[in-house]
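What follows is one structure encoded as structure tokens, with my remarks underneath.
The values are calculated or read from the model by the stated rules, or taken from the named source; none is laboratory data. Keep in mind that this is a model prediction, so the values were computed, not measured. Please note: Cβ atoms are built from the backbone with ideal geometry, for glycine as well, and neighbour counts cover all protein chains shown.
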Amino acid sequence: METFQFLINGFGEALTWTNLFYCFVGVSFGMFIGVLPGLGPTAGTAILLPLTFSLEPISAIIMLSGIYYGSMYGGTITSVLINTPGEAASLVTCFDGHPLAKQGRAGVALGVSAIGSFIGGCVAILGLVLLGPTLSKFALNFGPPEFFALVFMGMSLLIGLMGKSLIKGLIAALFGLMIAFIGIDQSTGIMRFTFGQTNLASGIDFICVAMGLYGLSELFISAEERMSKKAEKPAKIDSLFPRKGEWRPTLNSIGRGSVLGFLIGLIPGTNSVIPTVLSYSLEKKVAKDPSRFGKGALEGVAGPETANNAYSGGALIPLFTLGIPSSPTIAVLLGALIMHGLTPGPTLFQKEPDFVWAIIASLFIGNAILLILNLPLANVWAKITMVPFKVLFPVIIMIIIVGTYSLNNSLYDVGIMFIFGIIGYLLKKVDIPLAPIILAFVLGKILESTLIQSLTIFNGNILGFFTRPISGTILTISIIAIIITALPAFKRRNLVNEDVEM
Amino acid sequence: MLNFNKIGLGILFIVFLLVGCSSAQDGEKVPVSGEASGESYPNKAIKVIVSYSAGGSSDIGARTLMTYVEKELGVPVVVENKPGAGGWVGWEQLLGEEPDGYTIALINTPNLMTGYMDPAINRSQNLESFDLIANHITDPGVIAVNKDDDRFNSVEDVIEYAKSNPTTTTSTGVVGDDHIASLKLNNKFNTQFNAVHNGGAGESITAVLGGHVDVLFANVGDVTTLYNDKEIKVLAVMDDKRSELLPDVPTLAEEGYEGVVSWSSRGYAAPKGVDAEKLEVLRNAFEKAIKNVEQAKIMNETGLTVNYLNHAEYLEALKMEEEGIKEIKDLLNW
């Protein structure tokens, strides 16, 4: 109960007018950054970090956490409205969020995301308060073999996202893995597929691929359709809230997403794609009618969005208790803590309780501000879908170019983004699904590095995976799942998988 | 219709505002006070290329130092992040710039030398391509283990064990300083260290705290907090002298294993060919900024040790490091 006393003191500290102001500024600024594809949470916090140097440590961290949360939500807005994920975490939101927007239900998608994010954030904070220190020790049991198993499971779930034809889905996934190979190989230092170009040495950036494959190709397709056809009348904007029958399944997915995201956030070294992919697949598995997924299923937005936010809350536990940053953005926060003279680690809770609890309380407040800001704003954002295409087209193209450029201040990235835009356009023409490409691309890198790391640890013995309880269990389940899903397909020689249509 | 245009304009405005914030790097000119340019140096903003992402340890270190360099030079000194290729995206860009004294870069070891020494990459550049300014930070390597690991209580335990058993070590990248240090030990003492390469020091620490990898090879800056909280046992520092931040940790040589040192250092350089006078201005400003007590204190708090070396000493240190890498060429298949 002592912790609750601390938490209440924390609220007292965080609810001062100054801190509330910084929280508000952080959240709003973060949201605008998030709306710009390319400038995701990491860049946002890093760029604004120097601005916080002159502030009190608590205010500074409160503002930075606000930026972090805000920009995560901003990424959702672009995913839903223009099918362009601003960062990896909001990729999955495109799958159903954008179809919803096309049906004129962008408001609902954004509303549900805001509600889900709020609940997910709160669950994670509660978890942080109640279980944080205990769970963080357990999470250390996840080493490279366990990561490999987790990512392997994520990859096996890809089969569910293969689209209408298994063959085309496999082509897509293999293409995704292929682009993941580009660059310096982490385990040998050898350059692969770089053709002597220094710019390719560190591989292709997720943002370039995502913006090109999703954002730009979508624009090409719409340009083609709408210039040959008469402009379609924009769909009417629905309310912010789900329809009557949709509440229950939506709230259930929010519940599942909260727990899933929180647990994965505890594991140091995961990235935010893993909880969203797992949550999406889970929602599809438990849904009564999985065929709605990819065509605007509300659960497909609610689950992953919640998981994403619960993940960011959970990720603070390894940061605070072990000083281990579990994602690049958290690493920037770690830098900020250190710059302000606070060293995260097991003793932070004892040495600086006022500070820690004020931050935890401010996360809660930040989430609330985000919800209050966004429920009314969701409809304003949603109106963007009604903007005539000839006005929207140049604006989006500019945002995409500027966003890609600002990533590394590199025109090379912009060129790569354009190439992927053209590839995406061609693939859409021949009905090859894009989701497996980008997911295989993101997960493939981790899959490869954790495999090599594990094999080094096992001295090359691949059976080593099955001698460890966690990795063994996860791998066995995944293999069984693959056999069950794939067997009928091979019998019938083609799997008709009513599915995510991009 | 008007409404839509407003939304569009609003978005554009935000875009420019933010991009302005993120990359207000190049154009900032400082008014020349009555003199023709060229006569007074510097008379406009100086760009510092940092080959690592914004917000990382290198970036934060550079940005902190630059606030002090700015005071010395009297013009804005702006950091531009150009991450990629282990640092070489930024360095290739630096070497492509005019040597006019307005573009300099953070350089760090061993990435700088491994980038041109690796025969597979076959770069034409080398140390001769740079005009060195000063060394800022030297972060010595350390050997540490999980606090609950009963096998190892001294660095002797580790090395004797590794002589007869394959032992995994952490490494933040192929031919990074951790990897090179473990290879040097293999070379010198016939140990069987196997490096498990990962993406960064955070991952190294997690792997050892979780008991997945046997021995932690990292830098002083990575372990000070864990050391103070007694979460790991730091067994040795791979430097000529003990670290002030880890006063009771012996050096490898003290423990009887001489001839292996390892550190990563960060300093600043310009492309070859900058006027001697301009270089002098830069070197003086950096010397004062690096020797600034307040700056050193901030660095210490983040676990980094400021180690000012003037350009000649710095060149000496870099050459020594080159030699160290040449020793293990065979083990790298170079």
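At least 1 residues being closer than 20 Å to B:Lys278 by Cα is the threshold, and among the helices (runs of 4 or more DSSP H) wholly inside region B:47-155 those reaching it are B:57-73, B:88-96. Within region B:39-57, restricting attention to residues that are over 16 Å from B:Ile133 (Cβ atoms) and crowded, with 19+ Cβ neighbours inside 10 Å, the residue that is farthest from the other protein chains (Cβ to nearest Cβ) is B:Ala45. Of the residues A:Ser156, A:Ser117, A:Ser165, the single one that is away from chain B (no Cβ under 14 Å) and at pLDDT 85 or above is A:Ser117. Between residues in region A:394-423 that are in contact (Cβ under 8 Å) with a residue 60 or more places away in the chain and residues that are assigned to a helix (DSSP H, G or I) and among the small types (Gly, Ala, Ser), which pairs lie under 6 Å by C-beta distance while being six or more apart or on different chains? That search, which allows pairs on different chains as well, returns A:Ile400/A:Gly215; A:Ser406/B:Ser22; A:Met417/A:Gly212; A:Phe420/A:Gly212; A:Gly421/A:Gly212; A:Gly421/A:Ser217. Can you confirm whether region A:99-119 contains a residue that is among the aliphatic types (A, V, I, L, M) and farther than 25 Å from A:Arg248 by Cα? No, region A:99-119 contains no residue that is among the aliphatic types (A, V, I, L, M) and farther than 25 Å from A:Arg248 by Cα. Every condition in (1) β-branched (Val, Ile, Thr); (2) more than 14 Å from B:Ser262 (Cα to Cα); (3) in a loop (DSSP other than H, G, I, E, B); (4) within 26 Å of the chain's Cα centre (by Cα) is met by B:Thr170 except one, and the failing one is (3).
For region B:76-88, the condition of being in contact with a Pro (Cβ under 7 Å, 6 or more places away or on another chain) and either closer than 27 Å to A:Gly203 by Cβ or buried (at least 19 other Cβ atoms within 10 Å of the Cβ) (or both) holds for none of the residues. With respect to the conditions (1) within 26 Å of B:Gly199 (Cβ to Cβ); (2) modelled with pLDDT under 85, A:Thr456 lacks only one, and its number is (2). Residue under question is A:Phe320, and the condition is that it be modelled with pLDDT of 75 or more, away from chain B (no Cβ under 14 Å) and more than 19 Å from the chain's Cα centre (by Cα); does it hold? In short, no. Residues of region B:187-204 that are touching a Leu at 6+ places or on another chain (Cβ under 7 Å) and either among the polar types (S, T, N, Q) or more than 22 Å from B:Leu332 (Cα to Cα) (or both): B:Asn187, B:Thr191, B:Ser204. Restrict the check to region B:210-223 and report whether at least one residue is surrounded by fewer than 21 Cβ atoms within 10 Å (Cβ to Cβ), in contact (Cβ under 8 Å) with a residue 24 or more places away in the chain, more than 14 Å from B:Gly141 (Cα to Cα) and not acidic (Asp, Glu). Checked against the condition, which is being surrounded by fewer than 21 Cβ atoms within 10 Å (Cβ to Cβ), in contact (Cβ under 8 Å) with a residue 24 or more places away in the chain, more than 14 Å from B:Gly141 (Cα to Cα) and not acidic (Asp, Glu), region B:210-223 yields at least one hit. Annotation for region B:226-234: no member residue is closer than 24 Å to A:Gln186 by Cα and of a type in the set (Lys, Arg). Note on region A:439-480: residues that are more than 10 Å from chain B (Cβ to nearest Cβ) and buried (at least 18 other Cβ atoms within 10 Å of the Cβ) total 14. Kindly provide the set of residues from region B:102-112 that are of a type outside the set (Val, Ile, Thr) and buried (at least 20 other Cβ atoms within 10 Å of the Cβ), ordered by number. B:Ala105, B:Leu106, B:Asn108, B:Pro110, B:Asn111, B:Leu112, listed by residue number. Condition check for A:Tyr405 on (1) surrounded by 18 or more Cβ atoms within 10 Å (Cβ to Cβ); (2) modelled with pLDDT under 80; (3) within 14 Å of chain B (Cβ to nearest Cβ): one failure, at (2). Give the residues of region A:260-313 that are small (Gly, Ala, Ser), part of a helix (DSSP H, G or I) and either closer than 30 Å to B:Thr172 by Cα or in contact with a Ser or Thr (Cβ under 9 Å, 6 or more places away or on another chain) (or both), sorted by residue number. Listed by number, the residues that qualify are A:Gly261, A:Gly265, A:Ser279, A:Gly300, A:Ala302, A:Gly303, A:Ala307, A:Ala310, A:Ser312, A:Gly313. Candidates in region B:173-197 are the residues that are under 17 Å from the mean Cα position of the chain (by Cα) and either over 27 Å from B:Arg266 (Cα atoms) or within 10 Å of chain A (Cβ to nearest Cβ) (or both); of these, the one that is surrounded by the most Cβ atoms within 10 Å (Cβ to Cβ) is B:His179.
The number of residues in region B:200-210 that are modelled with pLDDT under 85 and either closer than 14 Å to B:Thr168 by Cα or at the interface with another protein chain (Cβ under 7 Å from one of its Cβ atoms) (or both) comes to 3.
Scanning region B:98-129 for residues that are among the hydroxyl-bearing types (Ser, Thr, Tyr) and farther than 24 Å from A:Phe195 by Cα, which turns out nearest to the other protein chains (Cβ to nearest Cβ)? That would be B:Thr103. Step by step: first the residues of region B:224-243, then only those that are free of Cβ contacts under 8 Å to residues at least 24 places away in the same chain and not in a helix (DSSP H, G or I), then the one that is nearest to B:Phe152 (Cα to Cα). Which residue is that? My answer is B:Asp229.
Every listed requirement among (1) within 30 Å of A:Phe458 (Cβ to Cβ); (2) at pLDDT below 85 is met by A:Leu170 save one, (2). Scanning region A:164-197 for residues that are out of contact with any helix residue (DSSP H, G or I) (no Cβ under 9 Å at 6 or more places or on another chain) and within 26 Å of B:Ser124 (Cβ to Cβ) turns up A:Ile190, A:Phe195, A:Gly196. For beta carbons closer than 9 Å, sequence separation of 6+ or different chains, a first residue in region A:276-304 that is more than 13 Å from A:Pro249 (Cβ to Cβ) and a second that is buried (at least 24 other Cβ atoms within 10 Å of the Cβ) and of a type in the set (Phe, Trp, Tyr), the qualifying pairs are A:Thr276/A:Tyr311; A:Tyr280/A:Phe95; A:Tyr280/A:Phe293; A:Gly294/A:Phe95; A:Pro304/A:Phe95; A:Pro304/A:Tyr280.
Flag: B:Ile107 matches the condition of being under 21 Å from B:Asn307 (Cβ atoms) and of a type outside the set (S, T, N, Q).
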